[in-house]
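The values are calculated or read from the model by the stated rules, or taken from the named source; none is laboratory data. Quantities reported herein were computed from a predicted structural model and do not represent experimental measurements. Reconstructed Cβ throughout: ideal geometry from the backbone, glycine too, with neighbour counts over all protein chains shown. We work out accessible area using only protein heavy atoms, side chains counted, and drop any ligands, DNA or RNA first. Shrake-Rupley method; radii C 1.70, N 1.55, O 1.52, S 1.80 Å.
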Amino acid sequence: GLAVTVTGITGLSTSAIATNGYVRGGGAYYLISRSLGPEFGGSIGLIFAFANAVAVAMYVVGFAETVVDLLKESNSMMVDPTNDIRIIGSITVVILLGI
């Protein structure tokens, strides 16, 4: 219940900020800096960027581990499980970089 309440209030606050004016480029950082000012917005935007980078790294590792598990079930491995995770993760990051 508490999680739903916090998420609901956050969603309504974001909606109120976004609908009270024109949102330019910058996405979430623009909304934060417009609400809290450039000083707080800059520091929060920097943390937000690092958090996104860490999140992408965790998502890629999770994806690579899942693919390696699927490869194990079909008895097809490239090198060994640890290096397979590294290989698939590297390929995934390069594809995401291209996108």
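In this simple spin-label approximation, THR10 and LEU97 carry label points 7 Å from Cα along the Cα→Cβ vector, and these lie 3.1 nm apart.
Work out the P(r) tail for the chain: percent of alpha carbon pairs separated by more than 21 Å, whole number.
Details: 2765 of 4851 pairs.
More than 21 Å apart: 57 percent of the Cα pairs in the chain.
For the chain, with all protein chains in place and a probe radius of 1.4 Å, 71% of the accessible heavy-atom surface sits on carbon or sulfur. Here the spin labels are modelled as points 7 Å beyond Cα on the Cα-Cβ line, and at MET77 and PHE50 they lie 3.7 nm apart.
The heavy atoms of THR19 present about 110 square angstrom of accessible area, all protein chains included, probe 1.4 Å.
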